[in-house]
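Structure first, commentary second.
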Amino acid sequence: MQEKNTSVSFDNTELAFKYKSEKELKQAKLLFSLMGQPALVKLGTRLTPWAIKNKLPVKGMIRSTIFKQFVGGETLAETAKVAEKLGQYNVQVILDYGVEGGDDGEAEYDHAADEFIRVIDYAATQPNIPFMSVKITGFSRFSLLEKIDGLMHAASGTLIKRYLQVIEQLDPAEKEEWHRVRTRLLRICERAAEKRIGVLIDAEETWIQDPVDALTILMMDSFNKTTAVIYNTVQLYRHDRLQFLKDCYDAAAERDFLLAVKLVRGAYMEKERARAAAQNYPSPIQPDKASSDSDYNAGVRFSLEHLDRIALVIASHNEKSNLDAVAWLQQHQVPLNHPHVHFSQLYGMSDNITFNLAAAGCSVSKYLPFGPIEDVIPYLMRRAQENTSVKGQTGRELGLIQAELKRRKGA
């Protein structure tokens, strides 16, 4: 049992950056300084994918800057070194093979599924890699997901009933294609259950999310009977997701499986709002940050109150959300390392949260992507945009790095 009133603070920069050399800290300082300039980021996020696509010699620069900050490596072997280093500080790892959507054909999708299985096999050999992450768009055609989602919106009934109705409406070729998608995920889930590795299914854009949710819940029903293997991702910057979380809990209770969820605020806000405006439908995004924060914290609280049925990953860079969760655990005398409670932050960000939680005895990880530079470019561009658009994010990172550099100078 953990101590009941362990004091947790995110101000200790010595703990936060102990794993980084002075040179690495200075490189991070420069990178976040550049990310604090919106015009530069806007230009960079447009030019970089174009430069990669046209095979311009930019990989070396990318590898030594933004890639190094946010990605474990281009291969599993490179990433293993980062994971081992994090493990020295009781920080676990969520491995993410950084392949994202693209209409590259069935052979490419089969290869992606094989890679996800290879990641599971590797994670099972390591002491500090309890999870890996999967994007359904890594092995499914985006436009097929979009079609299924659109048909589901036109159908009636529960999520699963709508899903089953719609699959029957597909033409034979599409039905067969979807069967291959489902089979790929089934292979991944079977291996994960066998190796006892958690699979976190990433959230996608709202216009393809319904089939992803349905498929994930069906996999939970199969694989989460006794332990949490398959996790869905709930984006609480969507105004309908708190109710969705509660509906999923009811389904889990009815079907007698463990609901496993990763709670995030969300990653596609600007794209979602722009599409809603362009196509003249109500935005799925919360009206303001306060509403998003309120639903996020309510989702965490609801999950903590039902730990007998819910396994929870609190994936947040918000200090208050993390501190509130720790305070709830302490107040209710629940161990900080309870098997159904896990904290996580992205690699390269919020080290003050991750390493201080680890030092306090929490189960905490870094979300660690890896893959060839051209494959992880979409992820890196989102990190650059997020650090620019999320108010105070870059300034907070910079301030912490500067404080640690100053502390080391005076030490």
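The figures follow:
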{"quantity": "Odd one out for SER7, checked against (1) over 25 Å from the mean Cα position of the chain (by Cα); (2) in a helix (DSSP H, G or I); (3) of a type in the set (S, T, N, Q)", "calculated": "(2)"}
{"quantity": "Members of segment 276-290 that are within 21 Å of the chain's Cα centre (by Cα), surrounded by fewer than 18 Cβ atoms within 10 Å (Cβ to Cβ) and at pLDDT 95 or above", "calculated": "none"}
{"quantity": "When residues of segment 112-148 are limited to those that are surrounded by 22 or more Cβ atoms within 10 Å (Cβ to Cβ) and more than 19 Å from the chain's Cα centre (by Cα), the one farthest from THR183 (Cα to Cα)", "calculated": "ILE148"}
{"quantity": "Yes/no for TYR237 being modelled with pLDDT of 95 or more, surrounded by 23 or more Cβ atoms within 10 Å (Cβ to Cβ) and either closer than 18 Å to GLY150 by Cα or under 16 Å from the mean Cα position of the chain (by Cα) (or both)", "calculated": "no"}
{"quantity": "Subset of segment 360-374 (residues that are of a type outside the set (A, V, I, L, M, F, W, C) and surrounded by fewer than 20 Cβ atoms within 10 Å (Cβ to Cβ))", "calculated": "GLY361, PRO372, GLU374"}
{"quantity": "Every residue from segment 334-343 that is crowded, with 23+ Cβ neighbours inside 10 Å and touching a helix residue (DSSP H, G or I) at 6+ places or on another chain (Cβ under 8 Å)", "calculated": "VAL341, PHE343"}
{"quantity": "Output for segment 66-82, where each listed residue is surrounded by fewer than 16 Cβ atoms within 10 Å (Cβ to Cβ) and either in contact with a helix residue (DSSP H, G or I) (Cβ under 7 Å, 6 or more places away or on another chain) or over 29 Å from LEU405 (Cβ atoms) (or both)", "calculated": "THR75, ALA77"}
{"quantity": "Top-ranked residue of segment 121-158 - restricted to ones that are closer than 28 Å to HIS340 by Cβ and among the charged types (D, E, K, R), ranked as modelled with the lowest pLDDT", "calculated": "LYS135"}
{"quantity": "Of all residues making up segment 85-120, the number that are in a loop (DSSP other than H, G, I, E, B), closer than 16 Å to PHE70 by Cβ and at pLDDT 95 or above", "calculated": "1"}
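Matching residues to (1) under 16 Å from the mean Cα position of the chain (by Cα); (2) modelled with pLDDT of 95 or more:
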| position | (1), (2) |
| --- | --- |
| LEU329 | no, yes |
| HIS338 | no, yes |
| SER344 | yes, yes |
| TYR347 | yes, yes |
| CYS362 | no, yes |
| TYR379 | yes, no |
| ARG383 | yes, no |
| ALA411 | no, no |
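The values are calculated or read from the model by the stated rules, or taken from the named source; none is laboratory data. Given the structure is predicted, the values throughout are model-derived calculations rather than measurements. For neighbour counting, all protein chains shown are included, and Cβ atoms are generated from backbone atoms with ideal geometry for every residue, glycine included.
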